[in-house]
Amino acid sequence: MHTAINVLYFLCAILEPFIPSFSAKVYEQMAITRTARHELILQEIRNNFEAITTIVPTGHTIGTPEPIFREIKEAEGIAWKKQFGGKDQ
């Protein structure tokens, strides 16, 4: 479990420039405050891949898990398909 939490932290740091809202929600649920280390995490792991198991300290308490993404209802999907699906839809 500890390794999975560290990998999730690492993925959030990597994905933050592309989907910042996802990373922010995960950090909040993991009770992690974003620091300057986030900017250097890729370099840290590149130089020592075993460091991926020590990003989040042992004994860290995570927050309450909640859904990160909302459910897309079938009607919403159909409406989007009509709106964005092109002329063949």
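The values are calculated or read from the model by the stated rules, or taken from the named source; none is laboratory data. Worth saying up front: this structure is predicted, and the values here are computed from it rather than measured. Using ideal geometry, Cβ is built from the backbone for each residue, glycine included, and neighbour counts are taken over all protein chains shown.
Of all the residues in segment 5-36, those that are more than 19 Å from THR61 (Cβ to Cβ) and either hydroxyl-bearing (Ser, Thr, Tyr) or surrounded by fewer than 11 Cβ atoms within 10 Å (Cβ to Cβ) (or both) number 5.
Which residues, taken from segment 1-48, are over 18 Å from ILE68 (Cα atoms) and small (Gly, Ala, Ser)? Residue satisfying the conditions is ALA36 alone. Scanning segment 5-18 finds one or more residues that are at pLDDT 90 or above and not aliphatic (A, V, I, L, M). Do we have LYS73 as over 15 Å from the mean Cα position of the chain (by Cα) and of a type in the set (D, E, K, R) here? Spelling it out, LYS73 is indeed over 15 Å from the mean Cα position of the chain (by Cα) and of a type in the set (D, E, K, R).
Total residues in segment 1-36 satisfying the condition of being assigned to a helix (DSSP H, G or I) and not hydrophobic (A, V, I, L, M, F, W, C): the figure is 11. Only one residue in ILE32, ILE62, ILE41 is in contact (Cβ under 8 Å) with a residue 40 or more places away in the chain, closer than 29 Å to THR3 by Cβ and out of contact with any Gly (no Cβ under 6 Å at 6 or more places or on another chain). Which one? Just a single option satisfies the conditions, and that option is ILE62.
Looking across segment 69-87 at every residue that is surrounded by fewer than 11 Cβ atoms within 10 Å (Cβ to Cβ) and basic (Lys, Arg), the one that is farthest from SER23 (Cα to Cα) is identified as LYS87. For segment 42-65, a residue qualifies if it is of a type in the set (D, E, K, R) and in contact with a helix residue (DSSP H, G or I) (Cβ under 6 Å, 6 or more places away or on another chain), and exactly one does: GLU44.
With the requirement that a residue be charged (D, E, K, R), surrounded by 11 or more Cβ atoms within 10 Å (Cβ to Cβ) and within 15 Å of the chain's Cα centre (by Cα), what does segment 40-68 give you? Matches in segment 40-68: none.
Do we find that ILE68 is part of a helix (DSSP H, G or I) and hydrophobic (A, V, I, L, M, F, W, C) in this structure? Against the criterion (part of a helix (DSSP H, G or I) and hydrophobic (A, V, I, L, M, F, W, C)), ILE68 does not qualify.
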